[in-house]
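What follows is calculated from the coordinates using simple rules that are stated; it is not laboratory data. Just so we're clear, the structure is a prediction, and the values are computed from it rather than from any experiment. All Cβ positions, glycine included, derive from the backbone under ideal geometry; neighbour counts span all protein chains shown.
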Amino acid sequence: MEEFKDVFIHKTAEVSSRAKIGNGTKIWNQVQVRENCLIGNNCILSKDVYIDFDVIIGNNVKIQNGVSIYHGVEIEDDVFLGPHMVFTNDLYPRAYIGDFKVFKTIIKKGASIGANSTIVCGTTIGEYSMIGAGTVITKDVPNNALVIGNPGRIVGFVGKLGKKLIKLEKTKDGVAMKCPVSSEVVIIPLNIYNLLK
């Protein structure tokens, strides 16, 4: 497969020749990659991952064991998907209805989704947000939000390093928060900060 010459594909993986895969990507045991999907550079698809047709995945994405990414899900750069987390793509699933409507789900740059979480379709997970293990997401998640529980609720805010941000002060634009281990300062809009539980 010359088109995948800069890609590692494990001998047990099934990768469509109609998929586009970026340089440096590694595809491990028992992975299935369907036709017309686009996978960026330097991604890791761990054991038992399934990538449906027409899925778009950015660069530097790490997908842990047992994750299925279905048609209608879009993953931006630098996203982490924990083991056995779940995406859906149909809000009204029935086994006997073949012509269903796909509801788009977007995972924005730098977001992390913990193990065994469920992301209900039609939602957007904001940049650099973090979804705790086992969380059920039923509505949009703002940038930098730390979300846990069922249903998911905001319990804090995190920076690019994933560390919980510390409140500095209110500003005219929102609430200034600082990473405890770096110099990063994030302004959380007041209407978002007020969602904190």
If the cut-off is 24 Å between C-alpha atoms, which lysines fall inside it for residue 172, apart from same-chain ones fewer than 8 positions away? 160, 164, 197
For a quick check of your reading of the filter: which GluC sites (Glu not before Pro) in the stretch 1-72 sit in a DSSP loop and have no more than 16 other Cβ atoms within 10 Å? 35
Give me the distance between the Cα centres of the stretch 142-193 and the stretch 28-70, rounded to whole Å. 29 Å
Of the listed pairs 26/109; 109/139; 62/101, those with alpha carbons more than 24 Å apart are 62/101
Stretched fully, the stretch from residue 153 through residue 36 gains (0.36 nm per residue minus C-alpha distance, one decimal, in nm) 38.6 nm
Specify the residue with the greatest mean-square fluctuation among 103, 157, 87, computed from a Gaussian network of the chain linking alpha-carbon atoms under 10 Å apart. 103
re the stretch 76-181: pairs of Cα atoms spaced beyond 22 Å account for a percent value of 34 percent
Net charge around residue 148, counting only other residues with Cβ within less than 13 Å of its Cβ (Lys, Arg = +1; Asp, Glu = -1)? +3
Could you name the aspartates and glutamates in cross-link range of residue 178, using Cα to Cα under 13 Å and dropping any fewer than eight places away on the same chain? 169
From the helices alone, meaning DSSP H stretches of at least four residues, give me the mean residue ellipticity at 222 nm for the chain, per-run term -39500 (n - 2.57), in deg cm²/dmol to the nearest 500. -500 deg cm²/dmol
Identify which of 63, 107, 166 has the largest mean-square fluctuation in a Gaussian network model of the chain, with springs joining Cα atoms closer than 10 Å. 166
Gaussian network model of the chain, Cα within-10 Å springs - most flexible of 92, 70, 50: 92
Cleavage-rule hits (trypsin sites (Lys or Arg not before Pro)) in the stretch 3-37: DSSP loop, at most 10 neighbouring Cβ within 10 angstrom: 5, 11
What base-10 log of the normalised intensity I(q)/I(0) is obtained for the chain from the Debye formula, alpha carbons as equal point scatterers, at q = 0.12, 0.15 Å⁻¹? -0.62, -0.89
Which ³J(HN,Hα) values in Hz, rounded to whole numbers, follow from the phi angles of the stretch 116-125 under the Karplus curve 6.51 cos²θ - 1.76 cosθ + 1.60, where θ = phi - 60° and Gly and Pro get x? 6, 6, 10, 10, 6, 5, x, 10, 10, 9
Scaled radius of gyration (Cα, divided by 2.2 N^0.38 Å) that the stretch 1-100 gives: 1.05
